[in-house]
1. Could you give every pair whose Cβ atoms fall below 6 Å, whose first residue belongs to the range B:80-98 and is in contact (Cβ under 8 Å) with a residue 24 or more places away in the chain, and whose second residue is surrounded by fewer than 24 Cβ atoms within 10 Å (Cβ to Cβ) and in a loop (DSSP other than H, G, I, E, B), counting only separations of at least 6 or pairs across chains?
2. Inspect the range A:64-78 for any residue being exposed (fewer than 14 other Cβ atoms within 10 Å of the Cβ) and in contact with a Pro (Cβ under 7 Å, 6 or more places away or on another chain) and give the result as yes or no.
3. Within the range B:67-100, can you find the residues that are crowded, with 18+ Cβ neighbours inside 10 Å, more than 8 Å from every other protein chain (Cβ to nearest Cβ) and within 16 Å of A:THR50 (Cα to Cα)?
4. When you go through A:ARG91, A:ARG26 one by one, which is the residue that is among the basic types (Lys, Arg), more than 13 Å from chain B (Cβ to nearest Cβ) and under 22 Å from B:ALA81 (Cβ atoms)?
5. Can we say B:GLU50 is in a helix (DSSP H, G or I) and more than 10 Å from chain A (Cβ to nearest Cβ)?
6. For A:VAL185, which of the numbered conditions (1) among the β-branched types (Val, Ile, Thr); (2) within 17 Å of A:GLU105 (Cα to Cα); (3) touching a residue at least 40 places away in the same chain (Cβ under 8 Å); (4) in contact with a Leu (Cβ under 9 Å, 6 or more places away or on another chain) fails to hold?
7. Within the range A:50-59, how many residues are within 19 Å of A:LEU103 (Cβ to Cβ) and either within 9 Å of chain B (Cβ to nearest Cβ) or among the acidic types (Asp, Glu) (or both)?
8. Looking only at the range B:54-66, which residues are part of a helix (DSSP H, G or I), more than 7 Å from chain A (Cβ to nearest Cβ) and either surrounded by 23 or more Cβ atoms within 10 Å (Cβ to Cβ) or over 12 Å from the mean Cα position of the chain (by Cα) (or both)?
Amino acid sequence: MRFQDAAQDARSVVYAGIQADPLVGRCAVLLADANPAERVLARAVMNGETIEPDHWRAMFPTLFGSGATDDATVLARSEAILQASLAVADRGEQVRSQVRGALVEELTAQLLMRRSVPGAVKRERRILFDGVPAEIHPYDVTVEAAPAAEAYDCKWGARGINADVLHQLDDARAHASDEDERLTVALVVFDARRSCEVRLARQSAPHGATGLVTIESLDSLALPAR
Amino acid sequence: MAGETFQELIDRALDAYAELAELGETVEDEWSYVNDLADAWRARFDHVVEHRGHAPAPDEASEATDRAIDEIGRIEDPHRAIDWLSTFPQVVLIAMGERP
């Protein structure tokens, strides 16, 4: 099993520009330290129709209302997440969709870097196995370190879970096993576990050995791999 | 709506949610996913009603729910409606002090 940078094509060049957008990095930094309600706030605002800040503050009283924490650091972070999310929402529909996808990847990478050796977390990588044709689509995020490598596919919402991605992840895990290597594979979805489980229940593609990290469990990415 | 119970708040939310699901159902390939998803979240709301439906809801939770209902009422794109079939319940549950 070996890893390789994905080939550059027109799509990847455009997407690299999205990934490099400072707004993506700013959102990811904020959301890496966010609490569950703040992450749902970001999801709602970036999916939203309205870009009126007070509308969203009123919708999240546990963050901005009388019951909110009196911890100034948390309050400032909630407000920063709101403003950054509004900046994403203010983009055109196509751009914001790309930004949201890139954000989940960047957030995943940042959380994984908290427990990985420097340089081990990589983006847009292909995984090659002897005698197996390479997948066309690269893996969004990989952790390339012994004793077990990891590969993640990142989705903004539960609806992004589909047969193709489940097959790709499970195939990679199985091919690694054929080579007596360990490859942990998982989906990272910036959506509720309940919604993801509904989506997964409808899939016949193999996913029993594929991990699922959801909006509630993102912090687990920063914990030592099992 | 100030002075309501959690049951009343949830009833209003579920009425709006049903309309959102109707919009999402217009994506024919996702019809059964939309219905399974809506059923799963309705079950979560039912659980809240069972445990504290008669308790008074904080005014801020009612206001938050009004805002969330207003937000989904603006949606015209059925694909975005499907996104919100997952997001809306999370927002309302958090406003009620519940975990999604």
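Each value in this text was obtained by applying a stated rule to the coordinates, not by laboratory testing. Remember, predicted model here, so these are calculated numbers, not experimental data. Cβ: placed from backbone, ideal geometry, glycine included. Neighbour counts: every protein chain shown.
1. B:ALA81/B:ILE75; B:LEU93/B:PRO100
2. The first filter runs over the range A:64-78 and keeps only residues exposed (fewer than 14 other Cβ atoms within 10 Å of the Cβ), leaving A:66-67, A:69-73, A:76.
Okay, now just the ones that are also in contact with a Pro (Cβ under 7 Å, 6 or more places away or on another chain), so A:67.
Yes, the range A:64-78 contains a residue that is exposed (fewer than 14 other Cβ atoms within 10 Å of the Cβ) and in contact with a Pro (Cβ under 7 Å, 6 or more places away or on another chain).
3. Scanning the range B:67-100 gives B:ILE69, B:ILE72, B:ALA81, B:PHE88.
4. After applying the criteria, what remains is A:ARG91.
5. Numbers: in a helix (DSSP H, G or I): yes; more than 10 Å from chain A (Cβ to nearest Cβ): yes.
Criteria met by B:GLU50.
6. Here A:VAL185 meets the rest and fails (3).
7. Here is the first cut: in the range A:50-59, the residues within 19 Å of A:LEU103 (Cβ to Cβ) are A:51, A:56.
In the following step, the residues that additionally are either within 9 Å of chain B (Cβ to nearest Cβ) or among the acidic types (Asp, Glu) (or both) were identified as A:56.
Qualifying residue count, the range A:50-59: 1.
8. Taking the range B:54-66 first, the residues part of a helix (DSSP H, G or I) are B:59-66.
Subset that is more than 7 Å from chain A (Cβ to nearest Cβ): B:59, B:62, B:65-66.
B:ASP59, B:SER62, B:THR65, listed by residue number.
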